[in-house]
Amino acid sequence: MGRVLTTASTVTCPHATGPPPPPPAPLPGLVTVSSTEKLKVLGDSVLVKTSLTTVSNCPNSASGAPCTSVSSVVSGESAKLRAGGRPVLLDALVLSTNVVPVSPVLRPAPNQSKLSSV
């Protein structure tokens, strides 16, 4: 089962370097997340597809363009758990950005193992 992502989760594009802990701010390749869903985990709203918008501070220079936006959710939506009629996002999330389909670095919020879904 996957851990449910919330507004306390950190999602980055693949060009962000290094394993946890994250580098000092500003975090490279940070995906902006926001949610007003009523379903919460430890007081933080769960994420759905529309919760992911822009990418800031992407360090990509190899392909000539940095990631600036999330194009689509390729996979990582719960098959069962929904919020507002939409599948919630899980830590197996794979995104497509304006540059390339990617599997982002995810750092779920502390104690996220309290709620998981398939």
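The values are calculated or read from the model by the stated rules, or taken from the named source; none is laboratory data. Note that the coordinates shown come from a computational prediction; the quantities given were computed from them, not determined experimentally. Surface accessibility is based on the protein's heavy atoms, side chains included, excluding ligands, DNA and RNA. Shrake-Rupley method; radii C 1.70, N 1.55, O 1.52, S 1.80 Å.
Put LEU39, LEU89 in order of accessible area, highest first, and with a 1.4 Å probe you get LEU39, LEU89. Between amide H atoms placed 1.01 Å from N, distances below 5 Å from SER45 occur with THR7, all of them 5 or more places distant or on a separate chain.
Here the Karplus curve 6.51 cos²θ - 1.76 cosθ + 1.60, taken at θ = phi - 60°, turns the phi angles of segment 77-89 into couplings of 8, 5, 7, 10, 7, 10, 9, x, x, 10, x, 7, 8 Hz, with x standing for Gly and Pro.
Cross-link reach is defined here as a Cα-Cα straight distance under 18 Å, omitting same-chain residues fewer than 8 places apart; for LYS80 the aspartates and glutamates meeting it are GLU37, ASP91. Close amide H partners of THR97, meaning residues 5 or more places away or on another chain with modelled amide H under 5 Å apart, are SER71, VAL102. Rounded to the nearest Hz, the phi-derived 3J(HN,Hα) couplings of segment 10-15 under the Karplus curve 6.51 cos²θ - 1.76 cosθ + 1.60 (θ = phi - 60°) are 10, 10, 10, 6, x, 7, where x marks glycine and proline.
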